[in-house]
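Take a look at the structure below.
The values are calculated or read from the model by the stated rules, or taken from the named source; none is laboratory data. Keep in mind that what you see is a predicted model, and the values were worked out from it rather than measured. Heads up, the Cβs are rebuilt from the backbone with ideal geometry, glycines too, and the neighbour counts pull from every protein chain shown.
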Amino acid sequence: MAPTEPPLHVVLVCFPGQGHINPFLRLANLLSSHGLRVTFVINLSTARQMKSLSPSSPSAGAAAVHFDFFEDGQDEESIKRVPLDHLLTLLEHAGRKALPQMVQNYAEAGNPVSCFVSNPFIPWVSDVASSLDIPCAVLWIQSCASFTTYYHFHNKLAPFPTAQDPERDVVLPGMPLLKHDEVPSFLHPTTPYPFLATSILQQFAHLGNVFCVLMETFEELEPEVIRHVSTFCKVKPVGPLWLSARASAGPGDLIQADNDCVGWLDGQLPGSVVYISMGSIVAMTAEQRAEMAHGLLGSGMPFLWVARPTMDEGDDPDLGLPEGLEERGKVVRWAPQEEVLGHVAVACFVTHCGWNSTLEAIGAGKPVVAFPQWGDQVTDAKFLEEVFRVGVRMGRGDTWTKLVRREEVERCLREVTVGPRAEEMKENAARWKREAEAAVKPGGSSERNVREFVEEVKKRSV
Ligand code: UDP
């Protein structure tokens with residue numbers, strides 16, 4: 001009898017941010033449901049924060065996904081305080097050392113690695129893969145529009161805003177014109193975070209090392225730009241991953257979710273509640289929180305608000321919200337967002353427009369008030385408002401430093417919930433939900449792309 005072949009083994013290496021962990025876990029589950037052996041690799045101190053995932057039980061979390069960790073010299077608390085630029089260096093140093101040994105261990109255990117999937121903030125993974133002669137793909141976790149914007153900037157294929165011309169518009173193939181405050185902010189000459197651009201752009205210097213760019217988007221959502229990107233890069237849209245692998249996000253939460261808020265939503269009228277969340281990194285300043293709170297009170301709508309103190313405010317201060325606010329809604333530190341957005345009581349979503357939140361809103365069919373702060377969020381906000389036509393943008397220019405007043409909050413909430421324009425946005429949102437669900441169903445564009453990816457891994461491993 002011929003010896004049985006070990007199953008294909010895909011190793012996903014993840015950057016330790018919530019907005020990275022969620023799509024990576026979802027992809028891990030999805031690939032595993034296609035019969036592949038999947039190992040999810042992350043640094044140890046972050047793994048220790050992941051709820052319901054214990055590093056001592058490597059198959060915890062999603063049933064069939066294996067977990068493995070590399071030592072980063074940090075503990076659960078200290079890792080949260082490492083500045084991002086240092087974190088990138090620390091991970092590269094620790095990861096470059098650990099990955100080859102892990103690969104050897106897997107091979108010795110009878111599970112040689114067939115393919116790596118790397119993450120935009122840790123492009124060195126593709127170097128390690130090349131040096132070990134293992135195929136490598138990347139999972140791009142922002143929109144295809146952001147991808148092409150970074151690509152054109154990196155390769156100097158189009159003029160972008162400069163210190164001399166900071167308000168220049170950007171024109172790219174397959175894209176609507178981007179105003180200067182719609183270009184991913186790390187590419188803008190005024191960004192206080194140029195190292196983030198450097199880090200993201202490194203991915204483009206490493207593109208030659210990867211055989212495929214899996215993308216957390218779907219063909220029907222960004223058809224023109226995906227078509228254009230396909231002319232210079234092998235791109236496979238496989239999203240929205242949260243719709244095809246719902247169960248996988250749980251073990252990845254870095255903050256304990258307040259599950260009582262779903263019970264609270266059950267007691268609200270259908271289509272009545274505003275859900276507000278700024279993702280895992282952005283936190284509103286005390287002043288902005290006060291304006292938001294008064295805007296909510298002025299709107300008269302019940303609300304569920306994920307609010308946390310800023311880094312400068314420390315771990316657990318009073319959020320300083322107006323008296324009586326909590327009689328009208330619920331404030332939590334972390335919500336089970338997929339469940340919340342899917343809830344019939346939720347009318348609209350005030351979002352910072354991180355790409356995961358954007359796709360979660362699209363997949364749940366909820367109109368949005370787009371309140372972007374930095375990075376690709378400003379580009380996502382443009383698409384939500386003008387291309388997908390499911391929302392309005394709140395605040396313009398550098399909202400990171402500019403205060404959005406209560407009147408503006410109230411006006412935007414009315415605009416997405418009352419009147420003919422709101423009805424149109426609701427219909428558009430419902431249509432996107434149907435398109436997103438169709439993309440991940442058997443035979444849908446994303447499902448087909450995942451199957452093609454699996455076939456390609458197979459071919460490359462013989
Ligand atoms: N999220 C959540 N509960 C919250 C806030 C956020 O589960 O209370 C999840 C959200 O569903 C999304 C991720 O955290 O999957 C945030 O990613 P995103 O790209 O939207 O923003 P980032 O945190 O990277 O800025």
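A few comments on the model shown:
- On inspection, D133 qualifies as closer than 21 Å to G95 by Cβ, of a type in the set (D, E) and assigned to a loop (DSSP other than H, G, I, E, B).
- Residue within region 234-256 that is farther than 28 Å from P23 by Cα and in contact with a Lys or Arg (Cβ under 6 Å, 6 or more places away or on another chain) present: no
- Picking from residues in region 255-297 that are more than 9 Å from the ligand (Cβ to nearest atom) and at pLDDT below 90, the one that is surrounded by the fewest Cβ atoms within 10 Å (Cβ to Cβ) is Q256.
- Matching option when the condition is assigned to a helix (DSSP H, G or I), under 19 Å from C353 (Cα atoms) and either within 13 Å of the ligand (Cβ to nearest atom) or of a type in the set (A, V, I, L, M, F, W, C) (or both), among L201, L196, L221: L196
- In region 214-238, residue surrounded by the fewest Cβ atoms within 10 Å (Cβ to Cβ) [restricted to those that are of a type outside the set (V, I, T) and under 18 Å from E455 (Cα atoms)]: K234
- Considering (1) within 16 Å of the ligand (Cβ to nearest atom); (2) over 30 Å from S78 (Cα atoms); (3) assigned to a strand (DSSP E or B), the lone condition that V331 does not fulfil carries the number (2).
- Tallying residues that are more than 9 Å from the ligand (Cβ to nearest atom) and either outside any helix (DSSP H, G or I) or of a type in the set (V, I, T) (or both) within region 351-373 yields 9.
- Restricting the first member to region 353-364 and to residues that are in contact (Cβ under 8 Å) with a residue 60 or more places away in the chain, and the second to residues that are of a type in the set (G, A, S) and near the ligand (Cβ under 8 Å from one of its atoms), the beta-carbon pairs closer than 7 Å and six or more apart or on different chains are G354/G19; G354/G279; N356/G19; S357/S277; S357/G279.
- Among (1) over 21 Å from the mean Cα position of the chain (by Cα); (2) over 25 Å from M215 (Cα atoms) - the single one P83 does not satisfy: (1)
- In the set R411, R396, R421, only one residue is within 20 Å of S272 (Cα to Cα), touching a helix residue (DSSP H, G or I) at 6+ places or on another chain (Cβ under 8 Å) and surrounded by fewer than 23 Cβ atoms within 10 Å (Cβ to Cβ); that residue is R421.
- Neighbours by Cβ (under 6 Å, 6+ apart or cross-chain): first from region 96-120, in a helix (DSSP H, G or I) and of a type in the set (A, V, I, L, M, F, W, C); second surrounded by fewer than 13 Cβ atoms within 10 Å (Cβ to Cβ) and at pLDDT 95 or above: none
- Residue within region 437-456 that is of a type in the set (S, T, Y) and closer than 21 Å to S114 by Cβ present: no
- So G250, is it at pLDDT below 95, within 12 Å of the ligand (Cβ to nearest atom) and under 19 Å from the mean Cα position of the chain (by Cα): yes
- Qualifying residue in region 388-411 (condition: more than 30 Å from T285 (Cα to Cα) and assigned to a helix (DSSP H, G or I)): no
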